[in-house]
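Please treat every number below as a calculation from the coordinates, not as lab data. Being a predicted model, the structure only gives us computed values, none of them experimental. Neighbour counts run over all protein chains shown; Cβ positions are idealised from the backbone, glycine included.
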Amino acid sequence: MPVPAAPVDPAVEAVAREAAALIEDHDRVGLGSGRAALAFVGALGARVRDGLRVSVVATSEATAQRAREFDMPFIELGEDVMLDITVDGADEVAPNLDLVKGWGAALVRERIVAAASRRQVILVGPDKLVRGLGQRGRIPVEIIPLARGPVTRELKALSLVPTVRKDGARDLVTENGNLILDCAPAEPLADGRAARALEANILGLAGVVDTGLFLGTAERVLVGYPDGRVDVRQRPSSP
């Protein structure tokens, strides 16, 4: 019997269409990961079938598979390649548009693609808007497996509560072969300065590959609502 199609989320579809409208002919586009990013790939794919010409880089195999359904050409991130725009989702968005990402375990690849882009546009629903990063309970940190013990100890010293992400009964292993520690702060981070201080402390630990703190990367955030309305938020000039 055929599998029923997943229900359409009007909020996700609205921001996906809005983001797809930002893409221009011959743009090099970074494709994020997660539900909103997959919806964007679908909306972009509809424009590609209508004649829009783009080339893409994907941050996860799931996203790449979706892009292949629309015959989007892939490019390598060579040293002379700069992407015009990356469209992605986020797990938290602070008032100054600082982000937490990585609940989908693709944070390192998302970081690389975002860093190789002139613009990053983020797609979320209102549930992802927070007063301070960490409000929803976890900030992902990707680590080399060998460093699990020492990094866990040091994260606790930073007043975080780290938990190894699981895939069923086993530790989740990222597409990079690493582990993710989901770190709960004692309280949401007060502001951009606090987020940057925490990021610096975590990145200074031997064995840490990256964090889910994406600070100052988003040019704009598109917030979708169930009635199809989209709120566009631009990044302030300072954190």
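What the table shows:
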| item | result |
| --- | --- |
| Shape of region 50-184, Cα gyration tensor, a/c cut at 1.5 | prolate |
| Those aspartates and glutamates that a straight Cα-Cα span of less than 18 Å connects to LYS156, excepting residues fewer than 8 apart in one chain | GLU142, ASP182, GLU187, GLU199, ASP210 |
| Listed residue (ALA147, THR211, ALA195) projecting farthest to the positive dipole end of region 139-211, Cβ model | ALA147 |
| Highest-first arrangement of 193-204, 209-220, where packing means the average Cβ count within 10 Å | 209-220, 193-204 |
| Contour excess over end-to-end distance, with Cα ends at ASP9 and ARG131 and 0.36 nm allotted per residue | 41.5 nm |
| Cα gyration tensor shape for region 139-211, rounded if a/c is under 1.5, else prolate or oblate | prolate |
| Stokes-Einstein translational diffusion, region 56-127 - Kirkwood Rh over all Cα pairs, 0.890 mPa s, 25 °C, in µm²/s | 186 µm²/s |
| Peptides 76-82, 36-42, 102-108 ordered by average Cβ neighbours within 10 Å, highest first | 36-42, 102-108, 76-82 |
| Förster radius 30 Å - calculated FRET efficiency between ASP227 and GLU24 (Cβ-Cβ, nearest 0.05) | 0.60 |
| Projected area averaged over orientations for the chain, convex hull of C-alpha atoms, nm² | 14.4 nm² |
